[in-house]
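Only one structure is covered here, and it is reproduced in the block below.
The values are calculated or read from the model by the stated rules, or taken from the named source; none is laboratory data. As the structure is a computational prediction, the values presented were derived from the model and not from experiment. Glycine also receives a Cβ, built like all others from the backbone with ideal geometry; neighbour counts cover every protein chain displayed. With ligands, DNA and RNA removed, areas are computed over all heavy atoms of the protein, side chains included. Shrake-Rupley method; radii C 1.70, N 1.55, O 1.52, S 1.80 Å.
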Amino acid sequence: MWRRRLGALLLRSPPSSSSTAASSCQHRRRHLLPSEEPLAVNRLARLFTSQAGSDGGNSQKPFIAFVLGGPGSGKGTQCTKIASDFGFAHLSAGDLLRHEIASGSEKGELILDTIKEGRIVPSEITVELIRKAMETSNANKVLIDGFPRCEENRIAFERIVGREPDVVVFFDCPEDEMVKRLLGRNQGRVDDNIETIKKRLKVFESLNIPVIDYYSSRGKVRKINATGTADEIFDAVHKLFSSLRF
Ligand SMILES: Nc1ncnc2c1ncn2[C@@H]1O[C@H](COP(=O)(O)OP(=O)(O)O)[C@@H](O)[C@H]1O
Ligand SMILES: Nc1ccn([C@H]2C[C@H](O)[C@@H](COP(=O)(O)OP(=O)(O)O)O2)c(=O)n1
Ligand SMILES: [Mg+2]
């Protein structure tokens, strides 16, 4: 029901794109799980286990909202507003990955190549960046923007953290609107060009929609109509967050 037809512009994309992305996600799953343990598990256990009064900071399990939607659906724009009005820490998986590229680290090159191709970065890299950012922020309410992007991302996070998100906000936007927004974003991003956008939309359909379906079946998804102005959309978002208990 969430699948949308893209305009003629996107109908001619090469059939290999989604299978490449899918195999990347699947491929990494084979390597991921053994290598995550036990170090990361122990660190995350400390982060997420209630230790009232013992750590001098936030001692509660943080409230976690995953924020999903296609590329250009307005996740980042809405997260900024939620953070400002509701006091959430805003952790953008894409920003964390771009920061890693900018740092010149060894992983940066792989991340850059992957993002240019519109594919998904190996989950162990992304989850580790999110884990560190959560630890640093020490926040009790966290928006995780643009994650999990595929089942491998989801499984890696839930396995390491040992829990599910409290809520999954899904910005539902027609593809032609997302394309228009991305082409006008003008932030100098290597992936905001029509070729990469086509691939990202295919990846969203083939890998991210199943994650949304999964959380939907568990009653976690709150779908927001992401058309209209940013302020109009935020009216609905504001209502939603006002109704949540965190
Ligand atoms: N409701 C909206 N209407 C028009 N443009 C929007 C809207 N929301 C966001 N934008 C613009 O669209 C582009 C993509 O938004 P962004 O928040 O970065 O989306 P995402 O994080 O989902 O890719 C940005 O240039 C942003 O300013
Ligand atoms: N969980 C994630 C999030 C982003 N990435 C990569 C792949 C995505 O196309 C890029 C950009 O992600 P970002 O969330 O910033 O993109 P949008 O806000 O949806 O336009 O980063 C990833 O590999 N895994
Ligand atoms: Mg974004």
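For the reader, a short list of remarks on this structure follows.
- Scanning the range 66-89 for residues that are surrounded by 22 or more Cβ atoms within 10 Å (Cβ to Cβ) and farther than 12 Å from residue 171 by Cβ returns a single hit, 88.
- Flag if residue 120 is open to solvent by 10 Å² or more (accessible area, probe 1.4 Å), among the hydrophobic types (A, V, I, L, M, F, W, C) and more than 10 Å from ligand 2 (Cβ to nearest atom): no
- Pairs where the first residue, in the range 219-246, is in contact (Cβ under 8 Å) with a residue 60 or more places away in the chain and of a type in the set (A, V, I, L, M, F, W, C) and the second is assigned to a loop (DSSP other than H, G, I, E, B) and open to solvent by less than 40 Å² (accessible area, probe 1.4 Å), C-beta under 7 Å, 6+ apart: 226/73; 226/74; 226/173; 230/74; 233/74; 233/226
- Pairs, first in contact (Cβ under 8 Å) with a residue 40 or more places away in the chain and outside any helix (DSSP H, G or I) in the range 172-188, second of a type in the set (Ser, Thr, Tyr) and surrounded by fewer than 17 Cβ atoms within 10 Å (Cβ to Cβ), C-beta under 8 Å, six or more apart: 173/227; 174/227
- A single member of 159, 163 is of a type in the set (Lys, Arg) and part of a helix (DSSP H, G or I), and it is 159.
- Scan of the range 179-215 for residues that are of a type in the set (A, V, I, L, M) and over 16 Å from the mean Cα position of the chain (by Cα), ordered by number: 179, 182, 183, 190, 194, 197
- Any hit, the range 123-134, residues being closer than 18 Å to residue 191 by Cα and more than 8 Å from ligand 2 (Cβ to nearest atom): no
- Search result, residues across the range 127-150 that are open to solvent by less than 50 Å² (accessible area, probe 1.4 Å), in a helix (DSSP H, G or I) and in contact with a Lys or Arg (Cβ under 8 Å, 6 or more places away or on another chain): 131
- Evaluation of residue 211 against (1) away from ligand 3 (no atom under 16 Å from the Cβ); (2) in contact with a Ser or Thr (Cβ under 9 Å, 6 or more places away or on another chain); (3) open to solvent by less than 60 Å² (accessible area, probe 1.4 Å) (one fails), failing number: (2)
- Taking the criterion of being more than 25 Å from residue 219 (Cβ to Cβ), touching a helix residue (DSSP H, G or I) at 6+ places or on another chain (Cβ under 7 Å) and within 10 Å of ligand 3 (Cβ to nearest atom), the residues of the range 60-98 that qualify are 71, 72, 77, 92.
- Selection status of residue 109, touching a residue at least 40 places away in the same chain (Cβ under 8 Å), more than 9 Å from ligand 2 (Cβ to nearest atom) and open to solvent by 10 Å² or more (accessible area, probe 1.4 Å): no
- Matching entry among 144, 115, 160, 101 (being more than 13 Å from ligand 3 (Cβ to nearest atom), modelled with pLDDT of 95 or more and of a type in the set (A, V, I, L, M)): 101
- The range 152-205, residues that are over 19 Å from residue 74 (Cα atoms), small (Gly, Ala, Ser) and open to solvent by 50 Å² or more (accessible area, probe 1.4 Å): 162
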